[in-house]
1. Looking at (1) modelled with pLDDT of 85 or more; (2) more than 20 Å from VAL91 (Cβ to Cβ), can you tell me which one THR3 breaks?
2. Kindly evaluate LEU355 against the criterion of being farther than 23 Å from HIS595 by Cβ, under 19 Å from the mean Cα position of the chain (by Cα), crowded, with 19+ Cβ neighbours inside 10 Å and not hydroxyl-bearing (Ser, Thr, Tyr).
3. If I go through segment 537-556 residue by residue, how many of them are in contact with a Phe, Trp or Tyr (Cβ under 7 Å, 6 or more places away or on another chain) and closer than 19 Å to GLY509 by Cβ?
4. Tell me, please, whether a residue that is without any contact (Cβ under 8 Å) to a residue 12 or more places away in the chain and open to solvent by 20 Å² or more (accessible area, probe 1.4 Å) can be found in segment 5-14.
5. Would segment 365-373 turn up any residue that is in a helix (DSSP H, G or I), of a type in the set (Gly, Ala, Ser) and surrounded by 21 or more Cβ atoms within 10 Å (Cβ to Cβ)?
6. Looking at segment 472-547, what helices (runs of 4 or more DSSP H) fall wholly within it and have at least 1 residues that are open to solvent by less than 10 Å² (accessible area, probe 1.4 Å) and closer than 22 Å to LEU459 by Cα?
7. Hey, can you tell me all the residues within segment 628-664 that are under 20 Å from GLU723 (Cβ atoms) and open to solvent by less than 50 Å² (accessible area, probe 1.4 Å)?
8. Among the residues of segment 425-450, which ones are in contact (Cβ under 8 Å) with a residue 60 or more places away in the chain and closer than 21 Å to SER214 by Cβ?
Amino acid sequence: MQTAFMLGEHRIDPGANQISGPLETRKVEPKVMAVLCVLAANAGQTVSREALLAQVWPGRVVVEETLTRAVSQLRLALGDSKGQARMIQTVPKQGYRLLLSPHPISPQAGEPAGSVSDQRAPGRWPAWLAWLIAALLAALLTWLVLHHGRNDGLNNTRVDNSAHIDSRQSSVAVLPFRNLSADADAEYFAAGIAEELLNALAGVPGLRVPSPRSSFAMRDNKLGTQAIARALSVNHLLEGSVRRSGNTLRVSAQLVDVNSDSTVWSQQYDRNVGDVIAVQEAIAGAVVQALPGVLQQDTALAVSHTNNLQAYSYYLQGHYWWMNGNNSSWFVKARDAFEAAVKLDPNFAEAQASLAYIYARANFFAHNMPADEARRRAQAAIDQALTLKPTAVNAHIARAVLAANGAQFSLAREHLRTALGINPNSSTAYFLLSEVELASAQTEQALAAARQALSLDPLSPWVNISLAQVLFASGQLEAALQRVQHAATLNPEYSWTYVWLARIHRARGDFEAATKAIEKANELDSTAPGNAVLAALLHLDNEDTRAAKQWLTVAASLLGNSDAARFWQQFDNLAVNQSNPAVAAALLHTMPHLHSSSYNLVTLYHAAQLAVGEAGKAIQKLTALYPELLRVEPVITLDNLAAAIALVQLLEPTRPQQAQRLLSAGMALTDTLPSIPDSRSHSAQLLALAGRHDDALSNLSRQSATGQLVERWQLPLAPAFSELLEHAGFQALLVEPR
């Protein structure tokens, strides 16, 4: 076993790939530990990125991002940060420097060896210690070579993708096919053919196939074959080209064995455009035959089927936008394309399944579509898809989304297990499983599912953000920030990345950084009203009412002629200044949603309806939106927590037992997730409703002291704080500067 050493307050155990700090012990990837050992052997000196790559990954072509991710994982384990480096310093355009000197641990005493007189300035180690570290590093690198395929760390986020290529398991990445057609609009057709091939191969037993998001991230990458394969952790690549001219189609494809750098199969197909599905079946079948160790199938591979070429073209177009959209417009473009496909061919199972998923997720993107209408459309498409094709994966995933939307988490898990049984390579199913586990406050399971999604789809910005969401909700803000920052390096044009940067910075109390991030999101996605609303709320947090008003006007213009537009246009008067509760109550009551990823209007709605004496109307709307709150054992989630708090008060006069059940369930959730960044004031509201006013004030004061008390203007509106309005401590919170 390699000798352990101390680094500040952290014990480093290379043999176990373990870093133990004052509060916790973390496992890291073996090569992440190797990076730390190289830095330790050169403590106080800058080690170039080239030297680190050469020593930790000798003889291999590894992209620099792999090293960046390794250093990020070290910083996380050591409690360090890039902005305020205490241990690992980034030297711009050069490399990295370890700022602390390591001290070996005496095997007898278990303490750092040496005395005060033995101390040296950084970078000036005694000869015996330098020799010891060098020997340790050599032993570790030898161990890594022998065990490079093993991942026994607790953190399953892939850092060195090359270390996960198992030569014993066949794996293939389907790269985006090149569009050689004269018509640039045919790009989606070429990409769609590749994605269909990928989906067909993903269902083959014994074959590992990375998600299209990661494979297609290589579209414009200048990396060579070996580097791409390592980035995607595969031993085969399928690549090709498509040329479409009128009714003729030429598809070329080749399968490359990365280990031998040789083409094991290639073929060119000159067919009529109407034969495109037959060409895909032929390619997929040939690839399965050529791959070693893959179970040969007697039945046809799962390629989409329709006899209507135009319907198929719309279907490919829908998936193109699903995979390649960088802003919220992807939803409308994909939905319209899938709707066109099923209109031309209602029996096109895969198009029905994809449309079902789009409708099931409409609550995230379709601001003006009522939830019951979206559910109805999704269920109809699900039923049609599964009647035609019981193995339509997206239909099972859509069923899971609908179940999760209704807080039926066990049922959602069952549907996702079915989907994964059909396609075990589905990163979509895994990241949705992480959402289900998080909604039911199972954070460890949520992290495991999110990391599994990342292992299947490491280059997808969205999957990286999905992991960040779980870290965010569990209070691990720095880790969430690092993950989202990494997503930004994968695709700087992906607008959702900057929305999450804004949310995380806001939760950290850094309103300036949050404002810059959301303005970047609005720059990239100028048609998303939710982003404009979040920008306005951030400016209100910063007491910049003029900028907030400008963004509210933008949001209203994007929502068109609707009550939602009228509400946001008057938001500063109706909500912040409380000038006309009757108008606020009327407008909010007609809005299809009171809660989104950017805002939560439940508390305002509750307050407005109480002000006009319409408690019954509030109960009616909130229970219609969140029926799970009226169950004998109510299900409280992050999404419906504000509604549960409102119903505690609204139901108390007529249904005190249900109100008490809601209060108990809400407090149980906030006890499980005590650091929910977007809902910190909710825990204080629950304490106030329970009569624990001093505890509620203490809770709010702690948030204020750390700069994390957001939407301070909303505090006096919350009916839960009605008995605290005159309290001096509560009044101080309303005016306390940040």
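The values are calculated or read from the model by the stated rules, or taken from the named source; none is laboratory data. Since this is a predicted model, take the numbers as computed values, not measurements. Cβ: placed from backbone, ideal geometry, glycine included. Neighbour counts: every protein chain shown. Remember, those area values only see protein heavy atoms, side chains included, never the ligands or the DNA or RNA. Shrake-Rupley method; radii C 1.70, N 1.55, O 1.52, S 1.80 Å.
1. Going through the list (1) modelled with pLDDT of 85 or more; (2) more than 20 Å from VAL91 (Cβ to Cβ), THR3 breaks only (1).
2. Numbers: farther than 23 Å from HIS595 by Cβ: yes; under 19 Å from the mean Cα position of the chain (by Cα): no; crowded, with 19+ Cβ neighbours inside 10 Å: yes; not hydroxyl-bearing (Ser, Thr, Tyr): yes.
Considered against the rule, which asks whether it is farther than 23 Å from HIS595 by Cβ, under 19 Å from the mean Cα position of the chain (by Cα), crowded, with 19+ Cβ neighbours inside 10 Å and not hydroxyl-bearing (Ser, Thr, Tyr), LEU355 comes out as no.
3. Total meeting the criteria: 6.
4. yes
5. Residues of segment 365-373 that are in a helix (DSSP H, G or I), as a first pass: 365, 371-373.
Checking which are of a type in the set (Gly, Ala, Ser) leaves us with 371.
From the residues that got through so far, the ones that are surrounded by 21 or more Cβ atoms within 10 Å (Cβ to Cβ) too are none.
Looking through segment 365-373, none of the residues is in a helix (DSSP H, G or I), of a type in the set (Gly, Ala, Ser) and surrounded by 21 or more Cβ atoms within 10 Å (Cβ to Cβ).
6. Working: elements: 477-490, 495-507, 511-524, 529-541.
Qualifying helices (runs of 4 or more DSSP H): 477-490, 495-507, 511-524.
7. ALA642, ALA644, ILE645, ALA646, LEU647, VAL648, LEU650, LEU651, ALA659, LEU662, LEU663
8. The answer is ASN425, SER426, SER427, THR428, ALA448.
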